[in-house]
Amino acid sequence: MRVNEDTDRKDARRSRDGYFGPYGGRYVPEVLRSAIEEIEAAFVKAMADPAFAAELQRLRSDFIGRPTPLLHAENASRLLGGADLYIKMEGLAHTGAHKINNAVGQVLLARRMGKRRVIAETGAGQHGVATAAACAKLGVECVVYMGSTDVDRQQPNVATMELFGAKVIPVSSGSRTLKDAINEAFRDWAGSFADTFYVIGSALGPSPYPDMVRTFQSVVGRETKNQLAERGVVPEALVACVGGGSNAIGFFEPFLDLENPRLIGVEAGGIGPGPGEHASRMTGEGARTGIVHGYKSRFLLDEDGQVAETRSISAGLDYPGIGPELAALGRSGRVEFRRATDAEALEALSFIAKNEGVVFALESAHAAAAAISLARSLRPGKAVVVNMSGRGDKDLFITAPVFRPVEWKAFLERELAALNAEGKK
Ligand SMILES: *Cc1c(COP(=O)(O)O)cnc(C)c1O
């Protein structure tokens, strides 16, 4: 435990004045400056306080269910005929993904600061669910902003957030999705920061959020490093999917200052390389430097400099920007970027499911696709570790119509008929 506390503290600041190379910064309206400075000071103080570390550690073990296992994918490795594949089973964390690590950290900080109310943005709903769960556990009021299109598409997550006692507010401006939810959350915060903490869900936003989110997620990388060392495995490469970048930067963090292993981030290749067909901010066409949502980084922008439409089968990888630290690491070459298409992600998902009895979330399946092709190309005896950022239960409404279209449609029709009959009684 001592080790964890020390490393948490050491890694709490990687940015220089909030910048990672040319990216990052704090581009917020004047009215929010003091709110963000207050968070920065509280974060630095909390990370140096053994009482905070002890409480976080207790929640990690008892509430989140840490450490999550590291699984040797022996069957898959044998079939691939190359390197050994290992899976960091982050999807076994409470609420099904890595998002809870950050949500618990930030909500604990909010409570320590005496904030009685937490707000969050959510796209598909995973960050909203994690934040709502953390707020329920820690006794803080929770309001989640969600684009109205996403509310319509993601009813199971809306229901879960409400079950945790959160209030979900549909946002019907702009494209009615994640970027509009973020704008609305900032608007709320500008008028409410005296008693409200804004919990951002990925390693992005104005400084110190990228530092803070990485710090709360780096437990994933530290565990992986220890679990590999215990087995005497020296990894050739670590592979993670990249939406905003929180699971990747947390997974990579303890390895960033080393020459090895290779660190590979995988973006959503969607249905093709054309405009609006993917969400590849590092390797895709139409990706440029911009300032959006309070930070400078690489974004998918249209000709007018407006945030462009993106596309991916996985709701967690379709954000148009990437966290500033990963953008800088991509530029310096320490992190390599690849992309996987919708089809490649689905193929990897079913390969691992059949051979390992583990269903990846669609986001994580993009990382699996890249890890599988890398493992195939390497010699036996080498090792590749993929972060399963989430488990696939949440994607049933997307994967079932793909893998079993006829049966699934018939099932939904029967369910609907039964509900209608019930309603008539
Ligand atoms: C949200 C999400 C992601 C993408 O977010 P990052 O901040 O890039 O990690 C990836 N995987 C899962 C399972 C998610 O829920």
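The values are calculated or read from the model by the stated rules, or taken from the named source; none is laboratory data. This is a predicted model, so every value here is computed, not measured. Don't worry about glycine lacking a Cβ; one is built from the backbone with ideal geometry, like all the others, and counts go over all protein chains shown.
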Of all residues in region 266-296, which are in a strand (DSSP E or B), at negative phi and touching an Asp or Glu at 6+ places or on another chain (Cβ under 9 Å)? ALA268, GLY269, ALA279
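Here's the yes/no breakdown for (1) touching a strand residue (DSSP E or B) at 6+ places or on another chain (Cβ under 6 Å); (2) modelled with pLDDT of 95 or more:
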{"residue": "PHE251", "(1), (2)": "yes, yes"}
{"residue": "PRO261", "(1), (2)": "yes, yes"}
{"residue": "VAL266", "(1), (2)": "yes, yes"}
{"residue": "GLY294", "(1), (2)": "no, yes"}
{"residue": "LEU301", "(1), (2)": "yes, no"}
{"residue": "ASP318", "(1), (2)": "yes, no"}
(1) within 16 Å of the ligand (Cβ to nearest atom); (2) buried (at least 19 other Cβ atoms within 10 Å of the Cβ); (3) among the small types (Gly, Ala, Ser): which one isn't true of GLY65, the others all being true? (2)
Take the residues of region 169-183 that are within 27 Å of LEU326 (Cβ to Cβ) and of a type in the set (Gly, Ala, Ser): which is farthest from the ligand (Cβ to nearest atom)? GLY174
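Matching residues to (1) among the small types (Gly, Ala, Ser); (2) touching a Gly at 6+ places or on another chain (Cβ under 8 Å); (3) away from the ligand (no atom under 14 Å from the Cβ):
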residue	(1), (2), (3)
ILE352	no, no, yes
SER364	yes, yes, no
SER373	yes, no, yes
ARG376	no, yes, yes
ALA383	yes, no, yes
PRO401	no, no, yes
Being buried (at least 24 other Cβ atoms within 10 Å of the Cβ), at pLDDT 95 or above, touching a helix residue (DSSP H, G or I) at 6+ places or on another chain (Cβ under 6 Å) and not polar (S, T, N, Q) narrows it down to one residue among ALA340, ALA367, ALA327; which is it? ALA340
Listed residues PHE186, PHE197, PHE216; which is assigned to a helix (DSSP H, G or I) and away from the ligand (no atom under 16 Å from the Cβ)? PHE186
When residues of region 407-425 are filtered for being over 32 Å from the mean Cα position of the chain (by Cα) and in a helix (DSSP H, G or I), how many remain? 13
Tell me, yes or no, whether region 225-241 has at least one residue that is at pLDDT 95 or above, closer than 25 Å to LEU109 by Cβ, buried (at least 24 other Cβ atoms within 10 Å of the Cβ) and under 17 Å from the mean Cα position of the chain (by Cα). yes
Taking helices (runs of 4 or more DSSP H) that do not extend beyond region 322-386, which have at least 2 residues that are farther than 26 Å from LEU258 by Cα? 342-356, 362-377
Considering each residue of region 226-264, count those that are closer than 12 Å to ASN387 by Cα and either in a helix (DSSP H, G or I) or within 11 Å of the ligand (Cβ to nearest atom) (or both), and give that number. 10
Can you go through THR283, THR289 and tell me which one is of a type in the set (Val, Ile, Thr) and more than 16 Å from the ligand (Cβ to nearest atom)? THR289
Any chance region 71-86 includes a residue that's surrounded by fewer than 24 Cβ atoms within 10 Å (Cβ to Cβ) and either closer than 18 Å to LYS167 by Cα or within 16 Å of the ligand (Cβ to nearest atom) (or both)? no
Output the number of residues of region 161-182 satisfying the condition of being touching a residue at least 40 places away in the same chain (Cβ under 8 Å) and not in a loop (DSSP other than H, G, I, E, B). 5
Only one of these is touching a strand residue (DSSP E or B) at 6+ places or on another chain (Cβ under 8 Å), within 12 Å of the ligand (Cβ to nearest atom) and under 24 Å from GLY123 (Cβ atoms): ILE313, ILE322. Name it. ILE322
For residues in region 157-180 being modelled with pLDDT under 95 and within 21 Å of the chain's Cα centre (by Cα), which is nearest to GLY294 (Cα to Cα)? LYS179
For region 126-134, state whether one or more residues are away from the ligand (no atom under 16 Å from the Cβ) and in contact (Cβ under 8 Å) with a residue 24 or more places away in the chain. no
